[in-house]
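Structure first, commentary second.
The values are calculated or read from the model by the stated rules, or taken from the named source; none is laboratory data. Because the structure is predicted, anything quoted here is derived from the model rather than measured. A quick note on method: Cβ atoms are made from the backbone with ideal geometry, for glycine too, and the neighbour counts reach across all protein chains shown. In case anyone asks, the SASA skips ligands and DNA or RNA and just uses the protein heavy atoms, side chains included. Shrake-Rupley method; radii C 1.70, N 1.55, O 1.52, S 1.80 Å.
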Amino acid sequence: MTALDLLGWAGSALLVYSVLQTRILRLRLFNCVASAVLVIFNAAIAVWPMVGLNVALTAINGYYIVRLLRSRHDLRTYEVAEVQPTEGYLRHLLHSFETDIRRFNPGFTPSEADGAEFGYVVLTGAETVGIVLARDAGDGSAQVELDYVLPKYRDFCPGEFVYRRSGVFAARGYRRVMAPPMMVDAEDYLTKVGFRNKGDAMVLDLA
């Protein structure tokens, strides 16, 4: 097998791998790279219709990658809506994603939402991006019971729209927000959102 054959197989394998991604940004990135590799491969063997196809796919993916990156901190892209922990739609989301939620919040079940006093969903258009459930912890602090981002949007930080940019916690009179105690493998995400490690907890100061 020649180096050119290997290039073609690598591009094809990466193309297949890209469409298996659940995260929209990763899908676009892998698909863009795969299409670019296949442009080179098909040009080398002079299959010009496939060159044209993959040039178009590379350009389309590149356009959407730039658009996704530019809009991920844009208040016009996301909206925060308050929900009651007992609402049917929220319960539906918690049951639908229960297994994935428990990957990052071991021990959490939909019934745990009963301990929350208020909640928010992050939306883009009519599509749900994430869920935040919290309760009052006294002394101007809010304790987050659940912060969950749906797989498709996990390359972004929608929590920033709940905790900081929307002002919903500050509007309730809270000066600080404490991260979910059961949440695992989330330090990078929480740090990007604005939480800082203080003792045994990750805390976001709003004041």
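Points worth noting:
- Taking the accessible area of the chain, probe 1.4 Å, and keeping the other protein chains in place, the carbon and sulfur fraction comes to 58%.
- Sequence ranges 130-141, 48-59, ranked by mean other-Cβ count within 10 angstrom, highest first: 130-141, 48-59
- Extension gain for ARG165 to ARG72 (0.36 nm times residue separation, less C-alpha to C-alpha distance): 32.2 nm.
- Axis of helix 3-19 versus longest Cα principal axis of the chain: the two differ by about 30°, to the nearest ten degrees.
- Per residue solvent-accessible surface (Å²) - the chain, probe of 1.4 Å: 53 Å²
- Both radii come from the Cα set of region 1-107: Rg as radius of gyration, Rh as Kirkwood radius; their ratio Rg/Rh reads 1.18.
- Degrees between helix 24-44 axis and first principal axis of the chain (Cα, 0 to 90, nearest 10): 10 degrees
- Projected over every direction and averaged, the convex hull enclosing the alpha-carbon atoms of the chain yields 14.2 nm².
- Degrees between helix 48-71 axis and first principal axis of the chain (Cα, 0 to 90, nearest 10): 20 degrees
- When +1 charges are put on Lys and Arg Cβ atoms and -1 charges on Asp and Glu Cβ atoms, the dipole computed for the chain relative to its Cα centre reaches about 660 debye.
- The modelled label-to-label distance for the pair SER12/VAL55, using points 7 Å beyond Cα in the direction of Cβ, is 2.3 nm.
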